[in-house]
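Some notes on the structure that comes next.
Any read-out appearing in this document is the output of simple, stated calculations on the displayed coordinates, not a laboratory observation. The structure displayed is predicted, hence computed values, not measured ones. Here the Cβ positions follow ideal geometry from the backbone for every residue, glycine too, while neighbour counts run over all protein chains shown.
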């Protein structure tokens, strides 16, 4: 039986034989790409970049991951940006790749994490290639849904869900709001999700939470409301 590492290598080999990766949403990709280009190598100028891996992800890896995802499993980070979450997951023994719609982010992630350079690729979460679909035991989506126009959320959730193997796990983390709180789409993202909205998006793709979702305020200054849920196929 092939190991997770061999399976992941086959995914990367298949993708590497293609021409330059294409995304289904070139305009959106260019918007994010421009932010990374303007930063000129300074992570502090990326509005959503934090120092090190995502803290709610780290906490989940410390407390919950072992019960849901076996050591050495195949993992993917959606919208991986500069790659710190990919590096964190790799350090825990998972075979992991990270992808982003933004080619500048991927090039930067490769420079930032040279030992993992082959694990980063350009791909579109809303329309992932067949090579990526149903390949992963653990799919990590952090702050991707909240950055997209609300009209794209259902398609993005479906694309992200398509990455999971039948017995795999999706970990999703995003900003939260009350169910009756309207979204101001005239403002710039992020656009927080409500608990009901998040669960409804995932249930539409056959996913149910493994336990009640976490709804909490993080340690930022000022604190930010976050939702975190681990989900599996019903």
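Under Stokes-Einstein, with the Kirkwood radius over Cα pairs standing in for Rh, what whole-number D in µm²/s applies to segment 20-133 at 37 °C and 0.692 mPa s? Value of D from the Cα-based Kirkwood radius: 224 µm²/s. Neighbour counts of other Cβ atoms within 10 Å put 186, 162 in the fewest-to-most order 186, 162. The Cα-based radius of gyration of segment 102-155, divided by its Kirkwood radius, gives an Rg/Rh of 0.99.
Averaging over every viewing direction, what projected area does the convex hull of the Cα atoms of the chain cover, in nm²?
The number I arrive at for the chain is 12.5 nm².
Based on the inverse mean of 1/r over its pairs of different Cα atoms, what is the Kirkwood hydrodynamic radius of segment 115-211, in Å? Taking the inverse mean of 1/r over all distinct Cα pairs, segment 115-211 comes out at 14.3 Å. Fewest-first ordering of 88, 40, 203 by other beta carbons within 10 Å of each residue's beta carbon gives 40, 203, 88.
Given just the C-alpha atoms of segment 32-96, how large is their convex hull per residue in cubic angstrom? Before the final figure, lay out each step's value.
On the way: hull volume 5.7 nm³, N = 65.
Hull volume over Cα atoms, normalised by residue count, gives 87 Å³.
Counted over segment 176-220 with a bin width of 5 Å, the fraction of Cα pairs per bin, in whole percents, is 5, 18, 23, 24, 19, 8, 3.
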